[in-house]
1. For B:C13, what accessible surface area do you get with a 1.4 Å probe? Give it in Å², rounded to 10.
2. What figure in square angstrom, to the nearest 10, would you give for the accessible area of B:D64 with a 1.4 Å probe?
3. Using alpha-carbon positions, what is the distance between the centroids of region A:112-159 and region B:158-211, in Å?
4. Which residues, if any, in region B:188-211 lose at least 30 square angstrom of accessible heavy-atom surface (probe 1.4 Å) when the other protein chains sit next to their chain rather than the chain being alone?
5. Between B:S193, B:S108, B:S63, which gets the highest mean-square fluctuation from a Gaussian network model of chain B, Cα cutoff 10 Å?
6. Pick from A:G109, A:G117, A:G162: which is most flexible by mean-square fluctuation in a GNM of chain A where alpha carbon atoms under 10 Å apart are linked?
7. Using only alpha carbon pairs under 8 Å that are at least six residues apart, calculate the relative contact order of region C:3-205 and give it in whole percent.
8. Loop only per DSSP, at most 11 neighbouring Cβ atoms within 10 Å: give me the chymotrypsin sites (Phe, Trp or Tyr not before Pro) in region C:64-170, ordered by residue number.
Amino acid sequence: MTTDQILHVLYMCATIAFAVTGVLALADRKVDFFSVVIIGVITAVGGGTIRDLLLDAPVFWASDLSYIRFAVLASILTFIAQSFFAHPNVYKLMLYFDGLGNAMFGVSGAMKTLELGFRWPLGPFMLGVITAIGGGLIRDVLTGRKTLLMSDEVYAVPVAIGILTTLITFQLFPELKTEAILGGILIAFGLRSAAIFWEWRLPAWFTSGPK
Amino acid sequence: MTTDQILHVLYMCATIAFAVTGVLALADRKVDFFSVVIIGVITAVGGGTIRDLLLDAPVFWASDLSYIRFAVLASILTFIAQSFFAHPNVYKLMLYFDGLGNAMFGVSGAMKTLELGFRWPLGPFMLGVITAIGGGLIRDVLTGRKTLLMSDEVYAVPVAIGILTTLITFQLFPELKTEAILGGILIAFGLRSAAIFWEWRLPAWFTSGPK
Amino acid sequence: MTTDQILHVLYMCATIAFAVTGVLALADRKVDFFSVVIIGVITAVGGGTIRDLLLDAPVFWASDLSYIRFAVLASILTFIAQSFFAHPNVYKLMLYFDGLGNAMFGVSGAMKTLELGFRWPLGPFMLGVITAIGGGLIRDVLTGRKTLLMSDEVYAVPVAIGILTTLITFQLFPELKTEAILGGILIAFGLRSAAIFWEWRLPAWFTSGPK
């Protein structure tokens with residue numbers, strides 16, 4: 001597979017994962033079905049859209065509406081399936097899907113920025129992070145939640161480590177592009193999953209606020 | 001009138017309607033006059049601006065500052081008039097103006113997207129919805145309200161039906177453009193007004209949250 | 001110094017000032033260090049980024065990553081220094097830095113808009129105000145604060161007066177560009193500082209809400 005194809009598949013999966021989180025974030029509100037789908041779609045394509053606006057590139061879903069189609073489909077299926085979930089599990093589940101979407105959008109966002117000729121490493125790193133967390137931030141703001149950044153959870157650090165792993169591996173071994181991408185995603189999602197599962201908290205000296 | 005002229009008039013009216021809602025949303029806060037006008041203007045042009053950024057078109061108010069002028073004027077007049085309103089009515093009034101702006105921005109946003117060559121019907125439909133609700137979402141976020149999407153009110157469905165009506169009518173009868181546009185707006189605003197007046201709620205199976 | 005150089009230095013200082021406010025806004029939350037830096041950077045470049053998107057100009061930090069570097073550095077230093085501050089002073093301090101960033105971003109944003117050929121005075125004035133308050137609004141929304149616009153503090157009026165001063169002075173005396181810019185900034189920051197220090201409130205007839 002070419003890098004383009006890999007990025008395409010990753011975006012698609014991340015889009016679906018984020019659409020699921022958008023719908024799950026509404027599991028404890030009374031919100032009508034159509035609004036649920038809107039939130040799902042905005043969450044799904046929000047991060048990549050912000051990145052493309054900043055890069056002055058055409059938004060990635062304009063030329064290929066399958067992103068929107070999959071986001072709509074994933075939102076509908078999640079909405080239907082949601083009635084089978086008990087409440088506390090739903091939020092946990094959302095966190096895992098959010099972590100998966102973060103990892104895939106973050107790494108692929110960084111690689112897309114790199115291919116558009118942005119200087120290594122600050123630009124690709126930063127736009128990778130924005131791609132990763134943008135959709136989730138919009139979801140949290142629109143649904144009135146505390147944004148996931150505003151906590152002492154280990155949230156943004158895993159995706160940052162994953163992106164850095166990909167960028168450094170690719171810089172050193174340009175021929176291992178696919179491996180660099182997949183490795184970075186695995187590391188980001190693995191670390192975040194561990195942080196959710198064992199409820200890791202960052203040490204006090206690494207957090208703001210009263211000590 | 002050409003379609004361009006019709007769209008122009010509609011944008012102008014929708015701009016004014018949304019500026020009014022932005023100011024009315026502040027009726028129960030102590031906010032200074034100049035900030036009120038800023039919120040009014042951002043609400044008024046927010047949805048169309050997001051659409052133009054996504055379409056990579058020049059923002060609609062850059063080449064014709066009369067949108068901004070009318071938004072400023074409407075904000076000032078609403079600010080002055082506001083002291084005559086009793087509190088509970090003001091919010092209701094905001095909902096009606098919001099519905100009117102929604103309907104006009106939604107239908108005209110979809111038609112503008114169609115004219116820029118976006119594929120029928122998913123692109124125009126989606127960007128129509130974004131144009132319709134974007135300004136209101138920004139208003140709700142900036143004023144710290146629960147966004148209007150986050151309720152079981154019949155909010156987004158009417159404008160979706162209106163946009164679909166316009167798109168389908170125009171697809172079948174391209175010569176009835178004006179009628180398609182006005183019909184869609186009437187349906188969207190009519191349904192939303194009925195929903196506000198009779199306090200329609202969507203059935204439980206159509207909403208998320210605990211049943 | 002040429003105007004370009006002056007604008008460059010001003011942006012840099014305003015970027016640092018806003019990064020500081022972003023970090024100080026988190027002084028009472030437990031947020032991990034990396035998220036703190038993200039919020040700092042987004043606050044710092046948010047207003048100018050919105051302006052550039054609206055102007056369809058390349059975002060100002062893309063061609064010159066020193067903005068990002070300084071924002072990151074300022075965020076880190078503020079994060080470290082923060083533990084020396086007592087709580088009530090921190091918020092006050094944030095207000096002053098916010099006022100300084102407002103003044104510099106507002107005036108320089110208006111001048112940049114003017115140089116890109118936008119019609120005098122509504123366009124430059126409006127985009128100046130957006131540049132000034134955009135970063136702070138994003139900061140308040142992401143950190144879950146009431147946005148600074150939503151109060152009867154004298155917040156937006158000082159920067160508006162400063163921008164107008166610069167625009168009018170430069171219109172009348174085009175050769176006094178540097179003086180016009182610095183004068184507008186001094187007036188905006190001076191008025192805002194006085195408003196913070198003496199806790200000025202706008203008169204009731206100038207604010208919305210129950211009288």
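The values are calculated or read from the model by the stated rules, or taken from the named source; none is laboratory data. Everything quoted here is computed from the prediction, not taken from an experiment. Note that we place each Cβ from the backbone using ideal geometry, even for glycine, and neighbour counts take in every protein chain shown. Remember, those area values only see protein heavy atoms, side chains included, never the ligands or the DNA or RNA. Shrake-Rupley method; radii C 1.70, N 1.55, O 1.52, S 1.80 Å.
1. Surface open to solvent at B:C13 totals about 60 Å².
2. We get 40 Å² for B:D64.
3. What the calculation gives is 36 Å, centre to centre.
4. Residues of region B:188-211 that lose at least 30 Å² of accessible area once the other chains are added: B:F206, B:T207, B:S208, B:G209, B:P210.
5. B:S63
6. Among A:G109, A:G117, A:G162, the largest GNM mean-square fluctuation belongs to A:G117.
7. Over region C:3-205, the number comes to 24 percent.
8. Hits after loop and neighbour filter: C:F84.
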